[in-house]
Structures are given as C-alpha cells and as structure tokens.
Amino acid sequence: MPGSSPRIIIRGGTSINNPDGAAPLYIVDGVIRTNINNIDQSDIESIQVLKDAAATSIYGARASNGVVIIETKSGQSGKTQINYKYDFTISNNVEKYDFLDARNYIYFQRLGIYRSATWGNKPAQLAMLTGPTSAGTGNDLTNRTAYSVQYLSTENQYKLNEGWETMPDPLDSTKTIIFSNFDFQDVTYRTGITQNHTITASGGTDRATFSAGLGYMNSDGIVITTFYRRLTGHLNGEVKLNERLSFFGRVLYKNSHDNNPSAESTFGRSQGLPPTAKYKFEDGTYAPGQSSSLANNEYYLNTRVDKRIEDDLTMVAGAQLKILPGLTFDPQVSWWQTTIDSRNFQKAFWNGPTSYVVTRNASGAYSKYLQKQADAVFTYSKAFLNAHNLEAKLGFSYFDGYSTSLSASGRDAATDLIPTLNAAATPVSVSGAESEQVIYGYFGRINYNYKQKYLLSVNARYDGASNLGDNFKWGFFPGISVGWNLHKERFWSMLPENLLKLKLRGSYGVNGNISGLGAYTAQGTYAVGGRYGGFAVIQNTVMANNELQWEQSNTLDFGLDLGVFNNRINLMFDVYRRVTDNLLASMALPHSTGFSSTLTNLGSLENMGVEIEINASILPVTSELQWDASFNISTVSNKILKLPYNGVERNRIGGVEVWDEKARAYVWKGGLQEGGTMGDYYTYKYLGVYATDEEAANAPIDDLTPIADKKCYGGDINLADLDGDGRITTKDQVYAGNIYPDLTGGISSSLMYKNFSLFIRTDFTVGQTIFNYMRGSLIGQFQGDNGLSTELLRSWRKQGDVTDIPQFVYADQQVRNKIYRANGGNTFIYERGDFLAVREITLSYDLPKNLLQKVKISGLRINVTGNNLHYFTKFTGLNPEFGGRDYGRYPIPRNIIFGLNMTL
Amino acid sequence: MKNIFKILIFLPVASFLIISCTEGLKLEPVSQISVGSYWKTENDANGVLYGMYSRFRNTTANRFFWGELRSNDFGPSVGGEPIEHGPLYRNTLNASSPLPTWLTMYTVIHDANLILKYVPGITFASEDNKNSILAQAYAMRAYCYFVMVRTWGGVPLVVEPTEGYSEKSQRERATVEEVFTLIKKDIQDAITLFPNNNYPNGRFVWSKPAANALKADIYLWTGKRLGGGNADFTAALNALNDIETSDITLLPTFSRVFDYDNKGNKEILFAVRYMDQESGECGPYDQSFIHPQAMPGSNQLDDSTKIVLSGGRGYTYLQVQPHIRSSFSWMDQRRNASFKEIYTYVPIYPSGEKTYYTAIQVKFDGTFVSGQRYWYDDYIIYRYGDVLLMKAEAKNALGQDPTEDINKLRQRAYGDYFPQFAFVNGTKEENDAAILKEWMLEKIFEGRYWWDLLRFGKAFELVPSLQDKVGQNHLLLFPIVQATLSIEPKVVQNPGY
C-alpha cells in the first residue's frame, strides 16, 4: 500500500502466536513508538539497531524484540544551509497472474462443471451450463447478465464485428458459443506516480542551532483510485544558556490523507473476475462484474470512498545540566499524539447485474492516541589515573499511553452526493472506547573500561506496568556485557601495525515484553454493545487472569569484531541463544470451558542464531576508483522448551495425528509441542497425476472426497497412502516445510569514480516454505467463478496423458477434493520461498563544484534509482517476499525514481 | 561545599521522580467491565441473561446442522455443495469433516452457569424477577445439554462457570445417563422457579410453558431411547397438559405462524429473536434460495415465482428433496407455505418449455431492508404445533387415542378438504408412523426433523442417504471433530469413527 512502512523483525522475534508480529521497540528522539510509519525518511539522521540483550536491557520492558533507535536531523553550527530534495517515482505492478483467456476459460470451465455434476451425481449443477454464469450460455446482451457467453444467434452475431469471438461448445460441438475476452487485471492496475519534495534549512552559532524542514509527497498508487498524500514538517532547536545549561526542543509533524479500499476483495478475488465478464454493457455503461467481491474493479472501486486522514505530532522538550564536573542531569518530556479520521461510503451500486443496492452504507470513525513520557537521567563520568574510565547512569521513566475512539455508521441516504453521515436516514450503530496504560521504570547503568582494553557494562531496569496482574506488575531486567580489545594488548605489537584488530565480546541480559497484552486483559472482560430483542446484552468474553506477568527473555551473546588491513576489511560475528520464559500468548482452551482461548504466560521458547557481517573496501584508499562491498547473513532457529500442562503428551497444543514411518506408528506432529519448532506445515503428499484409469484402479480410497464415489481415476492427483491402510485419511500427512526462513541476508556494493557513484543492494531469504493457496485455487476453481491459471493448458485431458496438473474439475473441494483438502492443500502447492531480490540500484552524479559555484549552489546531486527490480526465485506465485500463506496480496511495485538533491 | 548545596537542590527533584507508585499502576477500565467489579446489581444479572440469549442465537446455524440437515430433507442445489453441508445430508461424516464444534454451546452454558452461581447472591427488588432469571438459566442449560447429548451422546458436564484455567478444565465425557440426570434436574428446577405461567412480551425467552415443552421433549426421548417407558411418557403428557392452561392457540392460517410481521404470535412458546441492526440473519434459511448469479432470466419465470424470488440476495445451496416434496398433498396448505418448486420456461415465459430448476424452502422468507431481502426470521424452538404432536406421541406411547391432537393440526392444514385427511386411530405402529409423518409435514425446516427420526428409530428407514448404510449405527451420533480431540485429550471419540 502506498505509505505503509516495512516489516522489521529482529532475530526472529519472541512471539509464539505470531512471530511475524514481533516488532521491535522504536525510539525516535527518545520517544517510544510502536511503528515508524509517519517518519519522513529524509528527516532521519541516524538509525541504530540494538540486538543483544545487554544493550537493550536498559530499555527493559518491551525491549525483548530488539530496539531501533532513530535520531532525526538537528542543526549544526556554521553557515545556514538550505537543502532541497525532489524525487519523481514511476511505479508499476509487474506481478500479474497468468490467467487463461476467455476461449480456454470457457473450454475448461464448461467441461469442469459437467464433470463436477456427473461425478458427484449433482444434476442440479448442470443448470450452470445454461444459466447466466461465467461459462454458461444463459447470458444475453442486456444489462441483466454479467457475462458475455451465449450461443451465437442472429441477434448477437453483430458483436463479431466488435471483437467478440466464437468457439464450438466443448460439450456439444454442433453449437457455437460467442463471447468477449477481457483481462480485468488491466483495469485494476495503472502506473503509479509519486512526487516527493523536501526542503530543509539548518544552521546555527556556538550558542544555538536549529533545523527546520517541510516535505510534501503526492502518490497515486498502482491500483486505481488509491492515493496517499503526505505533508511533513520538523523544527528542532537547541540553545546553550551557559557552559552548564542547555535546552532543546523538537517538533515533528505529519499529516496524511489516503484512499485505500479493502485489500482482500480487490486483490484476492476481484482481479480474478473471469475474462468472459462484460467490461461495458451495450449502452456503454460499466458492467459491475459478478458481485462486489468478484467485481469489475473499474466500476466497483469508483463506487466507494475510503478516506483516511492521519495526523501525527511529536513534541519533545529537554535540557542538559552539568551539575558538577562529570555529573550531568538530562530531563526530557515528550508528547506524541496521533489521530485518525476516517470515513467510508458505498454509493448506490450494482452488486452484480441484477441487484441494485441502495443501502448506501456510510461510516465514520475518529481515534486518538496520546502518549506522554517523562525521563530523567543522571550521568556521572570520570577517568582515573589515565587508565580507569567510568560512566554511571541513573534514571527514571514515566510512560502513559491513552487511546480513545468514536465511530458511527448509518445507511439509507437518499443521494450519492453526500458521503458523510449527515445524509444517512437510518442510524445503524455508534461506538466509543477509552483505554490507558501506564508504565514506570527505574534504570541504571555502569560502564567501565581499563585503557579501552577491558570493557565492562552492568545495567538494570525495574519496570512496573498497569496492564499486568495485580501481584505481578513489576519486573526486574538486568544485563551485563564484557569486551576485550586484544589489539590494545602489548603482545599484539608482535603483529605488523594495523594488520589486524580484534575485539571479543560477551553479554547476558534479561528483557521484558508485554506488547501483546491489552490494557485490561488481565482483569477479564464483560463486554457490552450488543442487543437481544431490544435489550442491551453483556457477555463475559475474556476470562480474568490476575497471574499475568512479564514475558522475560534471557539472551546470551558471544561475538567478535575483526578488522584487517587497517580496517579495510571488517568482520562482525555474533552467536546468540535467547530463552524467552513466561511467553505471553493466547492458549487454546478445551471447548467445554466455553472459551476458545485465554491469554496466559505460556511457556518457554528458545531462539538460536548466528549473524555475520563483512564490510570491505576492496581498492586502496589512494585509488581513484573506490569499491565498497558488504555482505551479511543471519540464521535463526526456534525450539519450544516448555508449554503449560494440559494433559497431552509434550503438552501439545493443536497439531495433527499422522503416520510416522520411522516410528511405524501414529504420532501427533505440528502445532505447538515441547521440543518442537513453530511453523511446521503438515499436509498430504502429492506423488503426481494418474495417467490412466488402470493406473488409478488400485489407488487408495480417499476419505476426504466428499462425493459418494471415493475412488481415484486417470487425471486425479495421486496422494500417498503413508500408513498403507488402503485409505487416504487425515493421518496420511507429511512434513511440508516450515513457514519461517532459515537464512536471511544481503549483499551490497558501491562504486565511486570521480563524481559518479553506483550503489547496488540485494537481499535474500532461504528456507521458508509458502502455502501457495492462490495456485491451488486457480487450478481447482475453489471460488466457483474465478479466472483460471494457464497451468491448466498442460493439465490431464485424456487417458495416457503424463503431466503434473490434474484434470480440471469445477470446485475441486466439492468433488474429489484433491487440491483443497480442508484448506490445507497438498505438497504440490507448498513451495520453497527462497529468493534473491535486487532491491536497489542507484546511479548518482554530483555536479562539479566549480560549475555550481558560478550559480551560487554548493552542491547538486542527481540520481536515478531502480527499486524492487527483480526477484530470482522458483516460487510460482506472484511474490515470495511475504512468505507464509499466500491468499492473494497487494503486489509489490517496481519503482523507478529520479531524484535531485540541491544544497545552497 | 557549593557542590554539596547543588546536590541538595536536586535531591527533591530526584525523590519526586523516584516514588514507588504501584498504586498508580492500578487502572480501572472505562469502556469495559472488569470481572472483579461485576455481579453487584439486578442490572448485571439482566445484562448477562440477555447476553446468554444473544450467544444462544449465535448457535442457530449449528443447531440446524445437528438437528435437521442429516434428515436429508435438503440436498445440493444449483450453487453446488458447500463442504460443510455435503457430509451432513449425505451422511458421510467422519472426524475430519468440517463440522461445528461444541464450543458455542458451552459458551451459552457458561453464561447460564454464571447466572446460577452469582444471581442468588444479588438482592432483587422483586423475588419473582430473581427466580425468573434463575429459571431461564436452568432451562437454557437443560436445552443446551439436550441438544448436545442427542448430537454426540455423553459430553463433559460443566455446571460451574469457567473463571480460570487449571488442570481441572480438562474433562472426560460423562455418560448419557449422567447428562440426562442433570438435564432432568435442571428442567424441573426451572419449572419450579418460574413465578407464573405467562409469556414475556415477544415470546423470545424461556417461560414456564416453554420449559414444560422442553420437559416433554426430554421425557419423550428418554422414554423411547433410554427405556424410561410409561413413567417418562406420563411425565411428558403432564407437562404438556400444563401448557394448555397458558395463553396459547393454533393460528387459523399456517403460514402466518412464520411471517416476519407476526413474530411472537400466540402459537409461539419460544423463538429466538432475529432483528435488523441487532443480529445477523437467521442462519440456514438464506442458503435455500436463489443466488442472484443463479437467478434465471426474469422473462423465463411466471409471475408468482418472480414475487417469491424478489429481493436480490440469498444462496442456492440447499434444495428441498423430492421425497419431501412428494409427501405433501396439494390440498395441504402447509405445502405452499413450506417450499416452492422453481420452473423455468425456456426460452421465454409462457410459450417456452417448462423445466424444473430447483426447490427452495419458503417457510421462512425474511423481510425487505432497502429493497433487499434479509432473513431476519425468528428461529422457532417450540410452538403449539410441537405441543400437539408431542401430546399425540405421548398418548400413543401410553396406549391412549391421539386422534384429537393430530386432527387439530390436520383441520388447519387441509381446511375444506379435511374430511378426507381426518386421522383414524389404528395400531400403535400405524399411529407412530402417522405421527412421525405429521412431524415432518408440520415442522419441516424448523430444525428438529433429524431428532424426530432418531426418537422414532426410523432414520435408516426414512433418510434416503442412510438407506444403504443400515447397520452402521455409529452414524446416529456425530463424530467428535479433530479440532476438539486435539485440545481435549480426555475426550474419547465415539466408537465407529
């Protein structure tokens, strides 16, 4: 989506329910944030990522998923500089599904419906062949049918002159079908254009510095009707009153306005409106498609308004006081407020060709989050005897997050002209909510080093949070780290100078996490808002759990930093083991309790991994051509150590009972179980497609086939009967990979020659398995009327065909169910999601200074950047980047950016 | 000295910041109610009472799956066969079928258990109101267990609200007899506690007559299926006779019982209330209609069909099966009030060839909101028709003459044609067969026909999709689905699955 920020997960996260949701803690200019959506990239001065627990434990609570510290730009003393930046971005969707054209669609769909009806003994379904369906001949040229397919007649043959085509009916070759062909992806996507202007002024004197900036971005998304407009501004200033006291203040503001219709129906389904659907009716108006969830997007998206305005204001004020030599006091207060205003409106519209909906649903919502923070830190630093260096910190932190929201909806407006709620004639609902969270923290840190040779850091934090159980509000989070700079030792001088630098590091720390915990979850909930027979209802929806306590992760980390050839090659190596105890997670409950789950401290999870980063300046400093390259790679693996007792072997939660060939017995696999890992897939094993009926004659009986005839035939997928009992049951499932990657990393390289520079960045992911539901759906027609995959062109059609794609049948899950399998598929649609992405290539050129001086410009750089240029992958879906389960997604656009950066 | 002075200035600042403030961490929620602060007043009791009904309403579609669909009165229609329907009307269930779990039922039981635990400790302005709330909770709990015991056999018995998770939350299944012991105790407590024999406004909650109907239903079941014999039939008959003294009648026109604009009419004992802006649609009924996409061209339909099919919403999944349709005489007004056969005239009405398309239920046909059809029909739990049928059934079981009760229904159904359809007392078996058929004609699509077939022991005989499965008696119960087995390890699968 335009305007959304990247997903960042540090070291695999610590969440057992949703590892992808384990976002790190962001601290922007000292203000804790849950995301960085609203930060303009060009305002960022520096980003620091803290991974090891000794470093993060001073952030104590909430730091167990790592900490990202961002400083925004501030002024420097000296001449005032004016900087102007401009980017022009062209975005395109290069990820489209390969759908069959209308001719092939009709061919497969009609045969598929016929097979489905006859195999399943469902004669009623044959009516689809003659009805007004996507391949049925009951359509006509009126506005009452969504599709073009019909038999050729004297009334409609003139359409042949307008581009319609004909084909023999695959079920009765004596009849001729006439149809139109249209790819609705073409009208869903467009070329997106983004323009981004930023102007910054900064400067100052010895006593005061400032930085001020304004930015404006206007982005039209690659999906029609979507846009994102953003205004950003910042103002930072710092004043030194005297040698002892200085004050600073920062203001960061953002306002954005966007229109983003619901993603799922647009991208999961509507782009798959069959090619036989009418794009326009005979009278020239847009045809609506089959329904709002399988719509002609050019019609439907233009009947909706999904407006969202977001304001984001951060204000920070602070001071630094030097009380004594070496002793300083740093107080800071901040206020962060975000408000979201949104409204949605559905104009009167055709929900399919026969249903004109005038409900005109309208809704409006307003929500505000207000965060107050106060921090005060005493710092004392002192060097003794030219050898001992000491720094001590002691601080207090107060955090108060307050949310409030209001929303209302209505319907039955008399007009499309007013999208706001005042036009609604019938009020439907109102809602409002308020919640608050308070966290107190005390923290301290002592850093000590002896001649920069031996380093020691001890820190601790004591945090109390309002949303934990009454007796468990406080948590203690200590950390310790040690370092040894070997190159500072005397014996190191045996080596040639600057040849090799080596530092060894070790750390251990404890972090907390309560990110998944609602403000009042521990107290349980009696929820309100519903009605029964006009009476207001109250329902006990959340069980109280006063035992809820801090999730704690203990991390042990060893690392080394190596510098070779005067630091021309640097290597950083880390290996870590993190054990998270008291995981805050939702635990499935026995259904007889009346609750599906409760939030609890669920057990222990171990994450282990290795991280390597290498940076090299390949050519000597003296060379006119400079070439820097860097490479990083990290591995992470997880293991569940402990789960709460539930009477099941290994306290397993969920999972499937399957045949285990080694044990020659049925064993529960998957789900969550002690000693197991998270994210294992289990599914039916695809062995191929039966070439002939004879080959399939001895196939096992398939229990998951819903129709009466559970035998297999030529053209069916051959699924493995793993336990050899002659039947395919839920027990015939095998391990089909893991949802999480084993390896991630990146390679980048930059070349500089005179005023030119070229930067290339790639990243890669190895080891993740993607459940490619969309692939299954497009060859199994799960939805009923959806575009079909071109893979069907090589599908099994007659006895003896040897292929990997089964014979097409309409709505596989209702017939032999070989692909759908209770939404678990079979191994054919579980694919390796390994990829290498060419993320960025930038070529930039700095105009010569002497030329610029004549026009009083101190610097001018122009660049052209390509973004998301190519993915090297064997994944057959649109994009492997999101991993997980692919039910259709917002595509990642390819961007070409032209940039200009001018400094006066 | 000067430095020490400076430090002294900062000490108060520091101490202000470093006060231990656990008190400041105790926040009370504003927009929701914490568990600890609940159960103080009569309002709290009423809130959860209606909350219980609201969650009971959420189970309607599931109960229709359990109580009706396996009778095979419906089969696949033009829209195909949703995977959650097929195994039910085809009777091809197994543990991996996509069936609803018992979670939603236990959620309603949890609400009832909360009421039964906490309401006795609350002071009410009127003791009658308090007893009425307790009575409703007992009746609801009895009904929920009665649904479950007929669906799975013995189930875990939970009689206390779940207020925390412990090892005790893992329960084994009780025996069928144990479950019925609780059901019978609960329904008796309910009947005793109801302060009067009146129906609350709208008839969308339990009342004493409705509890008596449930009692009769329970005792007929145990009388027939668990060998309770005459004692149980007599208990059933007595309960039914108590209902007669309440404000209940047979509406003169059958179809009016189900009309949207006639909710809570005098034939209803208890129906689950559905309303626009308050609930979703009444689960199963929109499934047996015609999806706009499957709608034949309007020039291919006759006028009466066009009217029935107006409204632009609904699905074409459930088709009324031939053996049901052929059971109704054209002289029976219940026929047109229960289903409609849809014919198309190809290529054009009226000259075209008349072709059968599908058959849909029309007993519950919803209402119109902004020109669109919505199935906000009430879901009937008991009505006077049930009372008469149960009476006939109990009387016949006791060797008494059921003619009067059956004929009340037939007089309404056949009107002027009644004489040729008047019930004539026969042998016990003949009467039973006639009574079961009457259950079907009178109550089809109301969510209980499968249970009626089970009670009479006629499922393998009368359900087309079971006729080739004679002897597979495990099919009379549902399997316990994988989703339940995987998190309730003490629960054992029903034999045969």
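The values are calculated or read from the model by the stated rules, or taken from the named source; none is laboratory data. Just so we're clear, the structure is a prediction, and the values are computed from it rather than from any experiment. With ideal geometry, Cβ positions are generated from the backbone for all residues, glycine too; neighbour counts draw on all protein chains shown. Side chains included, ligands, DNA and RNA excluded: accessible areas come from the protein's heavy atoms. Shrake-Rupley method; radii C 1.70, N 1.55, O 1.52, S 1.80 Å.
Overview of values
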read-out: Verdict on A:Tyr845 being touching a residue at least 60 places away in the same chain (Cβ under 8 Å) and either closer than 22 Å to A:Asn83 by Cβ or among the polar types (S, T, N, Q) (or both); value: yes
read-out: Hits in the range A:624-679 - residues which are of a type in the set (A, V, I, L, M) and within 30 Å of A:Met752 (Cβ to Cβ); value: A:Leu625, A:Ala629, A:Ile633
read-out: Filter result for the condition that a residue is within 14 Å of chain A (Cβ to nearest Cβ) and aromatic (Phe, Trp, Tyr), over B:Tyr497, B:Tyr417, B:Tyr449; value: B:Tyr497
read-out: Scope the range A:583-596; condition surrounded by 21 or more Cβ atoms within 10 Å (Cβ to Cβ), within 11 Å of chain B (Cβ to nearest Cβ) and not hydroxyl-bearing (Ser, Thr, Tyr); matching residues; value: A:Met587, A:Leu589, A:Pro590, A:His591, A:Gly594, A:Phe595
read-out: Residue that is touching a strand residue (DSSP E or B) at 6+ places or on another chain (Cβ under 7 Å), open to solvent by 50 Å² or more (accessible area, probe 1.4 Å) and either hydrophobic (A, V, I, L, M, F, W, C) or within 14 Å of another protein chain (Cβ to nearest Cβ) (or both), where the choices are A:Val579, A:Val528, A:Val510; value: A:Val528
read-out: Of all residues making up the range B:153-189, the number that are surrounded by 21 or more Cβ atoms within 10 Å (Cβ to Cβ), more than 11 Å from chain A (Cβ to nearest Cβ) and touching a residue at least 60 places away in the same chain (Cβ under 8 Å); value: 0
read-out: Selected residue [outside any helix (DSSP H, G or I), in contact with a helix residue (DSSP H, G or I) (Cβ under 9 Å, 6 or more places away or on another chain) and touching a residue at least 60 places away in the same chain (Cβ under 8 Å)] from B:Gly223, B:Gly264; value: B:Gly264
read-out: Filter pass, A:Gly395 being farther than 30 Å from A:Asp29 by Cα and either touching a residue at least 40 places away in the same chain (Cβ under 8 Å) or basic (Lys, Arg) (or both); value: no
read-out: Members of the range B:299-315 found to be within 11 Å of another protein chain (Cβ to nearest Cβ) and either of a type in the set (D, E, K, R) or open to solvent by less than 50 Å² (accessible area, probe 1.4 Å) (or both), listed by number; value: B:Gln300, B:Leu309, B:Ser310, B:Gly311, B:Gly312, B:Arg313, B:Gly314
read-out: Test: A:Leu599 is under 25 Å from the mean Cα position of the chain (by Cα) and more than 14 Å from chain B (Cβ to nearest Cβ); value: no
read-out: Residue within the range B:234-248 that is surrounded by fewer than 24 Cβ atoms within 10 Å (Cβ to Cβ), free of Cβ contacts under 8 Å to residues at least 12 places away in the same chain, of a type in the set (S, T, N, Q) and within 14 Å of another protein chain (Cβ to nearest Cβ) present; value: no
read-out: Every residue from the range B:69-84 that is at the interface with chain A (Cβ under 7 Å from one of its Cβ atoms) and open to solvent by 20 Å² or more (accessible area, probe 1.4 Å); value: B:Pro76, B:Ile83
read-out: Residues (at pLDDT 95 or above and either of a type in the set (Val, Ile, Thr) or more than 20 Å from A:Leu792 (Cα to Cα) (or both)) located in the range A:701-719; value: A:Ile717
read-out: Per-region count, the range A:126-147, residues buried (at least 24 other Cβ atoms within 10 Å of the Cβ) and within 22 Å of A:Gly715 (Cβ to Cβ); value: 2
read-out: Residue that is surrounded by the most Cβ atoms within 10 Å (Cβ to Cβ), among those in the range B:85-107 that are more than 8 Å from every other protein chain (Cβ to nearest Cβ) and closer than 16 Å to A:Gln539 by Cβ; value: B:Met105
read-out: Residue in the range B:190-220 that is nearest to B:Ala139 (Cα to Cα), counting only those that are open to solvent by less than 30 Å² (accessible area, probe 1.4 Å), within 14 Å of chain A (Cβ to nearest Cβ) and in a helix (DSSP H, G or I); value: B:Arg203
read-out: A:Arg103 vs. criteria within 14 Å of another protein chain (Cβ to nearest Cβ), surrounded by fewer than 19 Cβ atoms within 10 Å (Cβ to Cβ), closer than 17 Å to A:Leu792 by Cα and charged (D, E, K, R); value: no
read-out: Wholly within the range B:405-463, helices (runs of 4 or more DSSP H) carrying at least 1 residues that are buried (at least 19 other Cβ atoms within 10 Å of the Cβ); value: B:428-443, B:449-456, B:459-462
read-out: All positions within the range B:249-261 that are out of contact with any Phe, Trp or Tyr (no Cβ under 8 Å at 6 or more places or on another chain) and surrounded by 19 or more Cβ atoms within 10 Å (Cβ to Cβ); value: B:Leu251, B:Phe254, B:Val257
read-out: Residue match in the range A:441-461 (condition: within 13 Å of chain B (Cβ to nearest Cβ) and either more than 30 Å from A:Leu390 (Cα to Cα) or part of a loop (DSSP other than H, G, I, E, B) (or both)); value: no
read-out: Residues satisfying the stated conditions in the range A:676-700, i.e. under 26 Å from A:Arg794 (Cα atoms) and either in contact with a strand residue (DSSP E or B) (Cβ under 9 Å, 6 or more places away or on another chain) or in the same structural domain as A:Asn121 (by TED's automatic domain parsing) (or both); value: A:Thr683, A:Tyr684, A:Lys685, A:Tyr686, A:Leu687, A:Gly688, A:Val689, A:Tyr690, A:Glu695, A:Ala696, A:Ala699, A:Pro700
read-out: Only one of A:Ala544, A:Ala522 that is open to solvent by 10 Å² or more (accessible area, probe 1.4 Å) and facing another protein chain (nearest Cβ under 10 Å); value: A:Ala544
read-out: Residue in the range A:394-403 that is closer than 27 Å to A:Val528 by Cβ, surrounded by 19 or more Cβ atoms within 10 Å (Cβ to Cβ) and within 13 Å of chain B (Cβ to nearest Cβ) present; value: yes
read-out: Among the candidates B:Ala135, B:Ala95, residue that is at pLDDT 95 or above and not aromatic (Phe, Trp, Tyr); value: B:Ala135
read-out: In the range A:683-708, the residues that are within 12 Å of chain B (Cβ to nearest Cβ) and open to solvent by less than 50 Å² (accessible area, probe 1.4 Å); value: A:Tyr684, A:Asp702, A:Asp703, A:Leu704, A:Thr705, A:Pro706, A:Ile707
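Residues are listed down the side, and each one gets a yes or a no for (1) at the interface with chain B (Cβ under 10 Å from one of its Cβ atoms); (2) loosely packed, with under 15 Cβ neighbours inside 10 Å; (3) under 30 Å from A:Leu836 (Cβ atoms):
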| residue | (1), (2), (3) |
| --- | --- |
| A:Glu624 | no, yes, no |
| A:Ser634 | no, no, yes |
| A:Asn638 | no, no, yes |
| A:Tyr645 | yes, yes, no |
| A:Glu649 | yes, yes, no |
| A:Val658 | no, no, no |
| A:Glu661 | no, yes, no |
| A:Arg664 | no, yes, no |
